[in-house]
Amino acid sequence: MVSQLLNIVLEKFIPNYNEFFDDVFLSKIYFDENGNIVKVEATEFDMGKKAEALKQIAEREKISLKECVFVGDYLNDRKVIQEAGLGIAFNASEEVNGKADVVTNDLRKILAYI
């Protein structure tokens, strides 16, 4: 997962996300026992560098980018959608849709293309 999400959002909706994703590139916020923010770690792959994260994963797994799928929904996903062998725009703007191979508002439909 390469996302602009914060760890606290992902943990809220998918507390066991590490069971589903081998790689998680997102920014992290840490709190103390009183709920105060004590540390913030920004991912180096935020915004325009998502394609770099995909390239690293592909190299490690010894697969080409043409064998990779990326699902994106925001303007900063345009480059990585184009880099992946299959770029999917999910519930995205026309600017993102125009870069994608597949456009959908229903994640279940993605399975037909993978």
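No value in this document is a laboratory result; all are computed from the given coordinates. Note that the structure is predicted; figures quoted are calculated from it, not measured. Here Cβ is always computed from backbone atoms with ideal geometry, including for glycine, and neighbour counts include all displayed protein chains.
Out of curiosity, is VAL38 assigned to a strand (DSSP E or B) and of a type in the set (A, V, I, L, M, F, W, C)? It is true that VAL38 is assigned to a strand (DSSP E or B) and of a type in the set (A, V, I, L, M, F, W, C).
Taken over segment 1-30, the residue count meeting the criterion of being in a strand (DSSP E or B) and either among the basic types (Lys, Arg) or loosely packed, with under 15 Cβ neighbours inside 10 Å (or both) is 3.
For segment 72-89, a residue qualifies if it is within 16 Å of ARG108 (Cα to Cα) and buried (at least 20 other Cβ atoms within 10 Å of the Cβ), and the qualifying residues are GLY72, GLY87, ILE88, ALA89.
Here ILE57 qualifies as closer than 12 Å to VAL2 by Cα, surrounded by fewer than 17 Cβ atoms within 10 Å (Cβ to Cβ) and among the β-branched types (Val, Ile, Thr).
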